[in-house]
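Reading through the structure tokens given below for one structure.
The values are calculated or read from the model by the stated rules, or taken from the named source; none is laboratory data. Note that this is a predicted model, so its numbers are computed, not measured. Cβ coordinates were reconstructed from backbone atoms using ideal geometry, including for glycine residues, and neighbour counts include every protein chain displayed. Surface areas here come from the heavy atoms of the whole protein model, side chains and all, with no ligands, DNA or RNA. Shrake-Rupley method; radii C 1.70, N 1.55, O 1.52, S 1.80 Å.
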Amino acid sequence: MTVHDMKHAASDSARLEAVGGRLSRVDGPAKITGKAHYAFEQQLEGLTHAVLVSATIAAGKVIGIDTRAAETAPGVLAVLTPDTIMVLKGASDWLGNPPAQPTYNPLAREVTFSGQHIAAVVAETFEQAVAAAALVKVSYDETPAIVDLSDGTDGIPIEAMTKEWGNAEAAFAAAPVRVCAAYNTPREFQAAMEPHGLIARWQGDELTIWEPSQWVDGMARTYAEWFGVPFENVRLVSPYIGGGFGSKALALAHSAVAAAAAKMLGRPVKLVLNRPQNFTSYGGRAATRQTVAIGADKAGRIQSIVHRGVNETAVDGMWVEPLGSVTAIMYATPNFSSKQNVVRVNTVVPGAKRAPGENPSAFGIECAIDELAYELGIDPLEMRLINYAEQDPQVKKPWSTRQLREAFAAGAEAFGWAKRSPAPHSMRDGRQLVGWGVAAGTYPVRRAYGEAMVKILADGSVEVESSSIDMGQGTYTILAQTAAETLGVPVEQVTVKLGDSLLARAGVTGGSRLAGVMTGAVYKAASQALDELVGLALSDPRSPFHGLQANTLAVKDGRIASPRGEGPELSIAELMGMLGRERIEAKGDTVPAGFTPEQRYNNYTTIAMALPHTEGDYSRHSWCAHFVEVRVDEDFGTVRVSRVVSALDSGRLYNPKLAESQWKGGIIMGIGQALLEEGIVDRRHGRIVNGNFADYMLPTNADIPDIQTISVGIPDPHSSALGGKGVGELGIVGVAPAIANAVFHATGKRVRDLPITLEKLI
Amino acid sequence: MRDFSYLRADSVEAARNAAALPGAMLLAGGTTLVDLAKCGVAEPSTVIDVSHIEGLNAIDVNSDRAIIGALAKMSHVADHAAVKSQFPAVSEALWQAASAQLRNMATIGGNLMQRTRCPYFRDPANFPACNKRAPGSGCSAIGGITRGHAVLGTSEACIATYPGDLAIALVAFDAEVDLGERRLKIEDFFLAPGATAEQEHDIRPGEIITAIEIPGSAAARRSTYLKVRDRQSYEFAAASAAIGLELEADGRTIRDIRVALGGVATKPWRARSVEDALKGKALDEASVRKASELAMEGAVDHGANHYKIALAPRVIARAILKLGETA
Ligand SMILES: Cc1cc2nc3c(=O)[nH]c(=O)nc-3n(C[C@H](O)[C@H](O)[C@H](O)COP(=O)(O)OP(=O)(O)OC[C@H]3O[C@@H](n4cnc5c(N)ncnc54)[C@H](O)[C@@H]3O)c2cc1C
Ligand code: SF4
């Protein structure tokens, strides 16, 4: 499955293979040359094609589905409706909670959002299925829809989100300086280039699914439960992922439709969501509203923070976007209160998008502290240092590591912050108003247990196997580096196989946890394999090291010798030949010794076993500071980001090149969030009207300036085996407030509703 | 997308004959047609591929005029040295349109025939009411999401914006479109919706665009296209202006000026009132800004597109001022 050109990747310079080396992505050349085959590019004998019919109302009942014309259309094999599709079993959720309902029908009779799947047509060709799907006539009994947060009541309080200490309301009321404002973020979408979709094939009661996945084991569990087959009977294959950003971790309704259709027809079925369906078939980031009130003394020391948040969720599903997560930990405050509600609206259940919770949370608090800084006439950077939290203010534990002060210093230095002109609307370049803004970001270190297989083969090459995945963030590359360093072999000799539920198991790739989990597991497995090789070399009579007075051997650059140099020096292949071994393999894991098989299964197929970031003696987080320059046209209100300098603390970097690329990706996504992205809902229809890549605005290259990233992290032994913290989500957190703050500095206008489009500034 | 038959035309004559068939549509670069077919808006029964007709992609420019074949690619015209020197606004309008990939495929004829980006027009499954698509069915946009809709030239039937860039420059410089039997001024070729929103162009069954001709002028030589949008690239205009300027020998009195507007009207919009107010006047910022306001006479907004009324005159003014600076 892997077609990676390791030579190319390793050619840049010498010590690339070591953990911490700047090895290029080993999957890069295969992707660029088209040799990388994505999940649903598989060519299968007898493949059929399914196309969905989606609801055109946001709320109501399906009262009739006329399938006659579609059924007799050319090439049509089946038209599935809620009445004719096979009924599945309910599946447990991602926390492992048992299903709410014993059965599950992926096609809806009760419509709770526009775009919900009502029917599906399966045909011999894709074009035939598209044509026939257009002939299916659905009639509805429409009822009024709740369209967005402004329709609702106050919503449902989520008690578990409440965080309080001191007496926040009273302290705010008594504070000599107060700011209080509302901050809103719209519905946003993950907008991955590769759409969602899958191929499902049954052979007897064994199911193979080719589907882009951030979590092959978790999704395999869902399929197994839906169809009542053992977990081992489901194989989920996801060699590459064309972007997930949180959206590809779960098996969804359309996945169930395809797998059910394949079972019913006895033929493989391919179903790929078209672009508009990618905006309605799974949830993007929920729209959010927050009010942040900060009370401070005249010196700028925060006395109290009162925070209220609300996010939209679905009529038939619950999504809580934790809006108080950054609010509660960024600054030291003696009094604090955060509460959160959700409002049910007629939408598909919102989901995870890069840094769910932390991202909108930071938009609120990091704009609010900026407002406080201007209110007091204190430099916004100074303001943040005055209120620096020396320990976690919420759980009152020390930080494992917090290089945020260093991030502020390094970022400010590189950006030239000291030259800032303090007053808003005071810097310009011709007809462009220039503004500088700063904001901080953070993301918790999520930890879990992983497993990996490492094989040393007869020719001296090494294979690493894991069901974890690479969606571009670099798993293929860093696992090769980890195995190469641990075993002492050149990285070109290592092949990594990922994204197949038959391989050694892994939990979800989300929450920036995978690198920490998997480097630990590969290190463990590779160490075990090495121990076995060395053990055999010393004890096997066929080995030239046999009888040597050494208790260990050293491997370097793929060659094995005694540490003091007496005796021979051999390549691993030569040694394997002498030992007569085809392979040495070791499955290593970081799972606690006492775990039962059930606990192990749950560790890989649910997120229930993940360790809280405040477990034990420390509070563990990654940190960053973004410095941004914007240019706002004084006539047009158009905002262009002209400079970004970000200093980030992700602990130890396993591969700085990949980490920088992840950070920059997050920063770019943050620029899009700040200036462009918004799912626009027609209030009369409860439907997204810009659900396509021409109208849902994402930044282009022309929108992105040179971005400078600076690593200020130090190895954090409390966060992972090798000392890394999180990388993938951190970069986006704090970008939007830094830009909003810069826009205020440029124009004197405070825009608190994202995105900051031109009409808000003219 | 429903089944259709495919016909490859090797001559203009063959294309004209085929284009007269009911349900026939021409395929040039396909960037509009294929897109609209996927949306379920275009449902041709016959697709006539004109992209192989020889001789229709010529670009012929001298100081008197430019003649651009209907099959010339947007990218070729944008990069053409003589177009850049004699008609800079035309080149600028083209390279600020769409994306590099689209410009490499799309043709000038197809560009003039592109359809509105009104989201309701593009989604028949969810929004059956659209007078442009289904005459008499109503307008889903009015009362809905109107941020991109027009403020000039609208009617009760339709408020859809004409989205293109090239035609804005063409209308500023009095270009003509060659339909074989007929030649029309670009301004007359595009139709405002009135009560017949479905008719966007004065083109009859069996007619095809073979070329456009742009008369040369001093104003065309000193011209620019300014396109304003939230995203720096690959977005339709929130407001745009094609401006041509000719100054008297004194270097400050305006002898000739051309003003056309994009992104705010239902068709490529010539703002003659602005031209008239400035001709013979000295070019200074205050009078340019004041005159530019005249372009919005009669403008009607539908809520979310209100900003265009403030924005468009500023775009005109800044484009004129920019030309004034480049003596
Ligand atoms: C995502 C996206 C963004 C875009 N952004 C912009 C933008 O910013 N600015 C802009 O100006 N444009 C933009 N466009 C539109 C683009 O410029 C047009 O799609 C393109 O110019 C059409 O040319 P074509 O050759 O591909 O036409 P086709 O798709 O082949 O044809 C389009 C229509 O014209 C008809 N037609 C074609 N040739 C002739 C002819 N010779 N005579 C008569 N009728 C003919 C066809 O029948 C069809 O109805 C964008 C398009 C897309 C898809
Ligand atoms: S504005 Fe015009 S194109 Fe848009 S829905 Fe109304 S009639 Fe149709």
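So how strong a dipole does the stretch B:5-49 carry about its Cα centre when Lys and Arg Cβ are +1 and Asp and Glu Cβ are -1, to the nearest 20 debye? Numbers along the way, then the final one.
On the way: 3 positive and 5 negative charges, 9 e Å.
Its charge dipole is roughly 40 debye.
With a 1.4 Å probe and all protein chains kept in place, how much accessible area does A:Trp94 have, in Å² rounded to the nearest 10?
We get 100 Å² for A:Trp94.
Over the stretch B:34-101, with the other protein chains present, what is the accessible area per residue in square angstrom, probe 1.4 angstrom?
41
So with the 1.4 Å probe, I'd like the accessible area per residue for the stretch B:162-321, rounded to whole Å².
Result: 35 Å² per residue.
Roughly speaking, to the nearest percent, how much of the protein assembly as shown's 1.4 Å accessible area is carbon and sulfur? Mind dumping the intermediate values first?
On the way: 20750 of 39800 Å².
Here carbon and sulfur together make up 52 percent of the probe-accessible area.
From largest accessible area down, sort A:Thr477, A:Thr709; use a 1.4 Å probe on the protein chains.
The most accessible residue leads, giving A:Thr709, A:Thr477.
Measuring from a point 7 Å past the Cα of A:Asn274 along Cα-to-C-beta, which residues in the stretch A:668-704 have an amide N at less than 17 Å?
From the stretch A:668-704, the list is A:688-696.
With only Lys, Arg, Asp and Glu charged, each at its Cβ (+1 for the first two, -1 for the last two), find how big the charge dipole of the protein assembly as shown is about the Cα centre; round to the nearest 20 debye.
Roughly 1180 debye, rounded to the nearest 20.
Would you jot down the residues in the stretch B:1-24 that end up with at least 10 Å² less accessible area in the complete protein assembly than in the chain alone, with a 1.4 Å probe?
Residues meeting the cut-off: B:Met1.
For chain A, what does the relative contact order come out to in percent, with C-alpha contacts under 8 Å and a separation of six or more? Could the numbers behind the result be given before it?
Details: 2014 pairs, mean separation 126.7, N = 762.
About 17 percent, as a whole number.
At what distance in nm do the modelled label points of B:Asp3 and A:Ile714 sit from each other, each positioned 7 Å from its Cα along Cα→Cβ?
Simple spin-label model gives 7.3 nm for this pair.
In the stretch A:632-670, what residues drop by 40 Å² or more of accessible area when the other protein chains are put back, versus the chain on its own? Use 1.4 Å, and skip ligands and nucleic acids.
A:Asp635, A:Phe636, A:Arg640
Measuring from centroid to centroid over Cα atoms, what is the spacing of the stretch A:57-125 and the stretch B:250-322 in Å?
Value for the Cα centre distance between the two parts: 54 Å.
Among rounded, prolate and oblate, which fits chain B when a ≥ b ≥ c are the square roots of the eigenvalues of its C-alpha gyration tensor, a/c under 1.5 means rounded, and a/b larger than b/c means prolate?
oblate
Determine, from the Cβ-Cβ distance of B:Asp188 and A:Ile156 and an R0 of 56 Å, the FRET efficiency 1/(1 + (r/R0)^6), rounded to the nearest 0.05.
0.40
To the nearest 100 Å², how much accessible surface do chains A and B hide from each other in total, with a 1.4 Å probe?
Working: alone 28350 and 14290 Å², together 39800 Å².
That pair of chains buries around 2800 Å² in total.
Compute the projected area of the convex hull of the Cα atoms of the stretch B:218-325, averaged over all viewing directions, and report it in nm² to one decimal place.
The orientation-averaged projected area of the Cα hull of the stretch B:218-325 comes to 6.8 nm².
Ordering A:Arg344, B:Arg147 by how much accessible area each has at a 1.4 Å probe, largest first, what is the list?
Accessible-area ranking of A:Arg344, B:Arg147, largest first: A:Arg344, B:Arg147.
Can you grab the distance from the C-alpha centre of the stretch A:402-424 to the C-alpha centre of the stretch A:685-711, Å, no decimals?
27
Run the simple label-point estimate for B:Ala310 and A:Ala299 please: 7 Å along Cα→C-beta, distance reported in nm.
The answer from the label model is 4.2 nm.
Pop the C-beta distance of A:Glu582 and A:Asn551 into the FRET formula with R0 = 22 Å and round what comes out to the nearest 0.05.
My answer for the efficiency is 0.25.
Residues of the stretch A:722-762 losing 40 Å² or more of accessible surface, assembly versus chain alone, probe 1.4 Å, please list them.
A:Leu758, A:Glu759, A:Ile762
Got a number for the accessible area of A:Asp429? Probe 1.4 Å, square angstrom, nearest 10.
Rounded to the nearest 10, that gives 80 Å².
Using r as the Cβ-Cβ distance of A:Asp205 and A:Lys35, and R0 as 30 Å, what FRET efficiency do you calculate, to the nearest 0.05?
Plugging the Cβ-Cβ distance into 1/(1 + (r/R0)^6) gives 0.35.
Kindly state, as a whole number, the per residue volume in cubic angstrom of the convex hull around the alpha carbon atoms of the stretch A:449-605.
About 114 Å³ per residue, rounded to a whole number.
Let me make sure I get this right: for chain A, a, b and c are the square roots of the gyration tensor eigenvalues over alpha carbons, sorted descending. Under 1.5 in a/c it's rounded, otherwise prolate if a/b > b/c, else oblate. Which is it? List each step's numbers first, then the result.
Numbers: a/c = 1.85, a/b = 1.11, b/c = 1.67.
It is oblate, given that a/c is not under 1.5 and a/b is not larger than b/c.
Any idea of the accessible area per residue across the stretch A:449-605, 1.4 Å probe, to the nearest Å²?
38
Under 15 Å from the Cα of A:Lys396, which aspartates and glutamates turn up, not counting those fewer than eight places away in the same chain?
A:Glu164, A:Glu615, A:Asp617
Heads up, I need the accessible area for B:Ser233: 1.4 angstrom probe, whole protein in place, Å², nearest 10.
About 40 Å², rounded to the nearest 10.
Kindly sort B:Tyr234, A:Tyr476, A:Tyr104, A:Tyr449 by accessible area of their heavy atoms, largest first, with the probe set to 1.4 Å.
Output order, biggest surface exposure first: B:Tyr234, A:Tyr104, A:Tyr449, A:Tyr476.
For the stretch B:120-177 and the stretch A:554-614, compute the distance between their C-alpha centroids and round to whole Å.
If we compute the Cα centre of each part, the gap is 65 Å.
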